[in-house]
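Notes follow the structure.
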Amino acid sequence: MSEQAKHAEDEHHIVGPKVYVICLFGLLVGTGLTVWASFVELGPWNPVIALAIATAKATLVVLFFMHVKYSSKLTKLTVFAGIFTFLILVSMTLSDYISRAWGSW
Amino acid sequence: MDHISPVIWQFLVKWMTNFALLPPEASKLAPQMDALYFFILLVSLIGLTVVVLLVTSFSILYNKKRHPVAEQIEGSTLLEATWTIIPLGLFLVMFVWGALIYFRVFTPPANAMNIYVVGKQWMWKVEHPGGQHEINALHIPTGKPIQLTLISQDVFHSFSIPAFRVKREAIPGRYTTVWFEATVPGTYHLFCTQYCGTNHSQMIGDIVVLTPEDYRKWLASSTSGASLAQNGERLFASLSCAACHNTRPDARGPSLASVYGARLPLATGGTVIADDAYLREAILNPSQHVTQGYAPIMPTYQGQISEEGVIALVEYIKNLNSDYRIQQTLNTTDMLPESEGRTPGAQAPAVKGPVSKGTVKP
Amino acid sequence: MSTNTIVSLPDQSTARIPKTNYITKENGLLSWLLTSDHKRIAILYLISLSFFFFIGGALAGLIRLELLTPQTDLMATDTYNKVFTMHGVIMVFFFLVPSVPATLGNFLLPMMIGAKDLALPKINLLSWYLYMAGGILALYTMMTGGVDTGWTFTTPLSTHYVNTNVLTTGLAVFVAGFSSIFTGLNFIVTIHKMRAPGMTWFRLPLFVWAHYAASILMVLATPVVAIAIVLVALERTIGIGVFDPAKGGDPLLFQHLFWFYSHPAVYIMILPGMGVISEVISTFSRKRVFGYTAVAFSSVAIAVFGFFVWAHHMFIMGISNYTVLVFSLLTMLVAVPSAIKIFNWTFTLYKGSITFETPMLYAFGFLGLFTIGGMTGVFLGTAGTDIHLTETYFIVAHFHFVMVGGMLMAFLAGLHFWWPKMTGRMYPEKVSQLAAVVTFIGFNLTFFPQFILGTLGMPRRYASYPPEFQVLNVFSTAGATILGVGYLLPVLYLVWSLKYGAIAGNNPWQATGLEWQTQSPPLTENFAVMPVMDHEAYDYEWLENQQQEQRREQEVTSAG
Amino acid sequence: MPDSPVIAHGADEVTDNAHEEHPSYLRHHFESTEQQADATGFAMWLFLLTEVMFFGGLFTAYLIYRNWYYPAFVAGSHQLNVIWGTTNTVVLILSSFTMAMGVWCAETRRKQGLVFCLILTFVLGLGFLGIKTVEYSEKIEKHHVPGLHYSLKSFLDPDSDAAAKAAGDKPLALDMARHTEVYFSLYFLMTGMHALHMIIGIGILGFMIFRARAGAYTSGHVTFVENFGLYWHFVDIIWIYLFALLYLISRHQ
């Protein structure tokens, strides 16, 4: 670990109310947006939009409420590892279900 | 050798004379599978020998007495690369070879004769297209590819024939298939290899491989009077399927003639090939498999037909290549006199297999 | 013998076990049950694990006895089914998964990195209590009628078709799973945050690397089996239908979720064992492990690839053929790091100065048996041969070679290796060497015939079998008897050594790890003075200089 | 303690600096409070990883069955009340916000502020559970709890059901209607697991309010509040996804 990163890790960053309020605002707007979007006919894009907004909201929470933006590389790596393993579980399992329909060769 | 206990001695003699590494090779596939098996075995033995030789020789050469002071060696990228790349290469060869065999086992040839197998706790029920039923036994001829369509009516079972080197899980709720072509007449083991409850170890049976001639004799002697498709026809009639699935212009359901193997357009978009699995699903979960131009009005038969019943229906639909029989079922409310009028001898065409369409043609 | 051993013990006439150590610090049962000392918790684990091991072993003995004859004459089939199920459940969840990490790992990991304790000592104790709660629940299940689903809890058998105690067993596994999660979590935090000054990642002993890799798997994979068990329990009690084909569920989904844990679980079991072998082989050949970095990274590679291969347990179960291809290929890739390790260990011996104390004998046993176990895994990872070999005794033999031949050998190697550190006393060398040899012979006699049984097609989990398989089964049962003796011997002489063993001194093996640089048994907080790591791992020259310095100091003080 | 350039964490800075005397909350095996805070924070993150994977199994099941039984999932989803769901989402986001503010208060040693924020979070959490109870009781009344006298009436005959009628649902075929049970299984499992996490969180919150009033977290030792904050935000994130996946399937139909 480089000196700089070490320094960043030691320094305890305090996130102020201003960031939290902006973040809260963003989350509320996101909630409104996702409800509105679900009532609009977008065909196959409906679930995509819903998940995209949910992910954007989750990102806000993770980065600011959970301070990951100001945290050490290790914390960032941990978050990444969680997402990565989750995606392995979902995608590799789904790969079976999706390709079952392809029938036998 | 008197000093060895006679029991142990007999035991050893028995073992040495009966020793075998693999079961008999009784299918076309078995030699191919065994070739791969021996290839991997050879690689493993070489690998093991290398490790054992190295460990032994290092132990002798560099034991403390001979070599009191160790020389520190960091490692060697070249050596490490060698034993990364060589095993990787060998493993990839095995992967490709194994995948090819896997392809072969689960890709039945077009001319395969289809036999249905239903697994239940704790027996195998076999339904031949000619209407022969068997329990815990399967009679097949040599020299003809046989496709098994398996399903379980309760838990997972696994249909394993070691002599043929094939094994396939029978799953509740879904058809699976496997095929083989027997080469040597004889009686072989049939095992259920997926643990399925109390009497798992008694869910065994015999695979009887007969010469084509003996097989014909067996077929004739063990018929039950009606072919599987005829059973299906009765069921088709008694469930009033033809009320919708007919050729009248106002028919509420699609005609089922020649539907098997066809590419059907679905109401949800896309197409599907009407194979056994599709036919089964369309009977049990119809609303998910509505073909284009028809309303999703078909009721589900989930829980109303046994797996054998579904098999009979599937077999019936598979063999429909004209609407004539369906019209017949429409006109008759009861059993069909034609089918009862058949003699066992008339069953013979069934031997040709279900793909020879027209079995149920008058 | 003098030239053929590296053991250097203090003068037995004057040597004493240090008065203050983690064992003598406090007395009374309560001081053990409420301890937060990682070493005491490790001892608690060691005792309880051994208990469960011998229960599992006794069940294995019953299985082998029943299989002596083709008929079901010793017990009825449903009894047999319960016996092998409980054998599997107890051995997998209550012995193999926690074995090395919870005992040796718990005891040594903080010492190896120069820490006073694990990062979360109370959570560590909680892990043990969860483990015991799960274990007692499993025993309770066994007493009150047992369970006969097989340790894999395959649906719909476990949800709809058996009427034995699936729920309590499931709960036992669930609880034990959390014990495992907390252990893994504790290890990761400790390794990241508690290393002594100077202890960089590439100065860590390979034992620590292996535990790090295994801990990642424990933390990320175990929750998935937990949720799978919750789903089975709900399916069984109120019939929610997620795995029930009659309600539209897919029974294969359970297997996906189950094997997502249970395949990585075999790496949870074997990786810590590999860590032990690295330490042992290095110490008894007086050499730094050949290609330290490769061995360290291969542990991590096994952990990462371990997540991508679970569906190779389902090749013939009706998963998509395309998925079979992908998983078969990935399985081949995960085999490579294991091969790297085997060769690196072998070449550690090259130009070393090898001695053959008991831990080394077990390590040699591990090398041979794990090579066989690994190679037979390739037979099963190859999609073609898997069709014939899966669900037969071949697979039973394969995983017993890996788990018993690999893991248990490593566990015994480690137990003997660190016994002097844990207790302050040596085990008797001769009899333990004998036990190692007996174990090796017994093991091969037990499990090698099962490979042949498997290729001949004998299915697993059969209470009765066709008579032609009897001869090989008799061999196997005979071997199991020898194996049983091989496992009982260590219990006897290790207990004996607690009172009569030679005083070991700090570093009987002349090993380099930090754990050997403190007294044995260690102090409660491990080190009198917090260590500073100023050399690489396995640096035997550093050790020699250190010892020379100490000798000089002693001479000075005795002269003064 | 000798200085080494490769120290993994700032152990010695602390011993050299102000904290010559160890604060009471520093546990014996840590070198410094920073190390302790770092370690427990990291442990909390790892615990959240296990939670991600725990829910991961459920999300996998959800995705599979949603693809298989899409019409059933649409009909099932239409039985949920979007207004309650949205309200709950807002409640939970607000509670997440008050929790974050609580962490800030603790970090800046504002005792009154912390207690106030924690109480607000507590109340919002209870509010969420209250709304959830209302929703659950509606499902119980309609026999939409899988396995327990499950009723298909709302799906076979949507005109008899206000929610289905409002959404303009067409009757489902019997086989598809049966699969709504899978939807509701997942609905109850996912929201139930989530609610269980909420209940545990609220319990800990109660304990924290009690301790915060005694000034436990406003004297420099904020790890517990911070770590609990992580947990609470994580529960929030799960709900954000649950809301999108369970409530908002094809509302436009």
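What follows draws every value from the coordinates through simple rules; no lab data is involved. Predicted, not measured: the structure shown is a model, and the values here were computed from it. Cβ coordinates were reconstructed from backbone atoms using ideal geometry, including for glycine residues, and neighbour counts include every protein chain displayed.
Between the amide H of B:Arg174 and those of B:Ser152, distances stay under 5 Å, these residues lying 5 or more places away or on another chain, with hydrogens modeled in the peptide plane. Shielding value for C:113-125 is 3, the average number of Cβ atoms from other chains within 10 Å of each residue's Cβ. Name the shape class, rounded, prolate or oblate, that the alpha-carbon gyration tensor gives for region A:3-71, where a ≥ b ≥ c are the square roots of its eigenvalues, rounded holds for a/c under 1.5, and otherwise prolate holds if a/b is larger than b/c and oblate otherwise. The shape class here is oblate. Restricting region B:11-81 to trypsin sites (Lys or Arg not before Pro) that sit in a DSSP loop and have at most 14 other Cβ atoms within 10 Å of their own Cβ leaves B:Lys65, B:Arg66. Taking region D:100-114 and a reference point 7 angstrom along Cα→Cβ of A:Phe25, the backbone N atoms nearer than 19 Å belong to D:100-101. If you take the beta carbon distance between B:Thr107 and C:Lys122 as r and set R0 to 56 Å, what does 1/(1 + (r/R0)^6) give as a FRET efficiency, to the nearest 0.05? Between B:Thr107 and C:Lys122 the formula returns 0.45.
Phi-derived couplings, Karplus 6.51 cos²θ - 1.76 cosθ + 1.60 at θ = phi - 60°, listed residue by residue for region C:453-465: 4, x, 5, 6, x, 5, x, 7, 6, 9, 7, 10, 8 Hz, with x used for Gly and Pro. Between B:Val96 and C:Phe202, the FRET efficiency from the beta-carbon distance, with R0 = 45 Å, is close to 0.75. A cut-off under 9 angstrom between Cβ atoms defines the neighbours of C:Met314, and their net charge, with Lys, Arg +1 and Asp, Glu -1, is -2.
Here the Karplus relation 6.51 cos²θ - 1.76 cosθ + 1.60, evaluated at θ = phi - 60°, turns the backbone of region B:149-158 into coupling constants of 10, 10, 8, 10, 9, 9, 9, 5, 10, 9 Hz, with x for every Gly and Pro.
Of the DSSP H helices in chain D, those with a Cα length along their own long axis of 24 Å or more and a mean Kyte-Doolittle hydropathy reaching 1.0 comprise D:82-107, D:180-213.
Helical content of chain A, expressed as a calculated mean residue ellipticity at 222 nm, amounts to -24000 deg cm²/dmol (DSSP H runs of 4 or more residues, -39,500 (n - 2.57) each, divided by residue number, nearest 500). Taking the empirical scaling 2.2 N^0.38 Å for compact globular proteins as reference, chain D has a Cα radius of gyration ratio of 1.30.
Amide H contacts of B:Thr149: B:Ile115, B:Tyr116, B:Val117, each under 5 Å away and 5 or more positions distant or on a separate chain (H built 1.01 Å from N in the peptide plane; Pro and chain starts excluded). Relative to the compact-globule estimate of 2.2 N^0.38 Å, the Cα radius of gyration of chain C comes out at 0.97.
For C:Asn163 and C:Leu9, a Förster radius of 60 Å and the Cβ-Cβ distance give a FRET efficiency of 0.55, rounded to the nearest 0.05. Neighbours of B:Leu22, meaning other residues whose beta-carbon lies under 15 angstrom from its beta-carbon, give a summed charge of -1 when Lys and Arg score +1 and Asp and Glu score -1. Counting Cβ atoms of other protein chains within 10 Å of each Cβ in D:98-107 and taking the mean gives 4. For chain C, averaging the sequence separation of C-alpha pairs within contact (under 8 Å, six or more residues apart) and dividing by the residue count gives a relative contact order of 20 percent. This ranking places D:Asp38, B:Asp34 by how few other beta-carbon atoms lie within 10 Å of each, fewest first, which gives B:Asp34, D:Asp38.
Local charge for D:Ser185 was computed over the other residues whose Cβ lies under 11 Å away, with Lys and Arg +1 and Asp and Glu -1, and equals -2.
In this label model, B:Lys14 and C:Asp73 are separated by 1.1 nm, measuring between points 7 Å along each Cα→Cβ vector. Highest-first packing order for the peptide set C:14-24, B:138-148 is B:138-148, C:14-24, based on the mean count of other beta carbon atoms within 10 Å. Of the three principal axes defined by the Cα atoms of the protein assembly as shown, the extents in descending order read 120, 94, 55 Å. Helix content alone sets the calculated 222 nm mean residue ellipticity of chain B: runs of n ≥ 4 DSSP H residues at -39500 (n - 2.57) each, divided across all residues, give -11500 deg cm²/dmol. Near B:Leu264, the amide H atoms lying under 5 Å from its own belong to B:Val272, B:Ile273, B:Ala274; only residues 5 or more places off or on other chains count, and H is placed 1.01 Å from N.
Can you work out the PRE-style zone for D:Lys142? Point 7 Å along Cα to Cβ, and I want the residues of region D:68-112 with backbone N under 18 Å. It comes to D:70-88, nothing else. Magnitude of the charge dipole for chain C, about its Cα centre and with charges confined to Cβ atoms of Lys, Arg (+1) and Asp, Glu (-1), is about 600 debye. Helix C:292-305 and the longest principal axis of the C-alpha atoms of chain C enclose an angle of approximately 20°.
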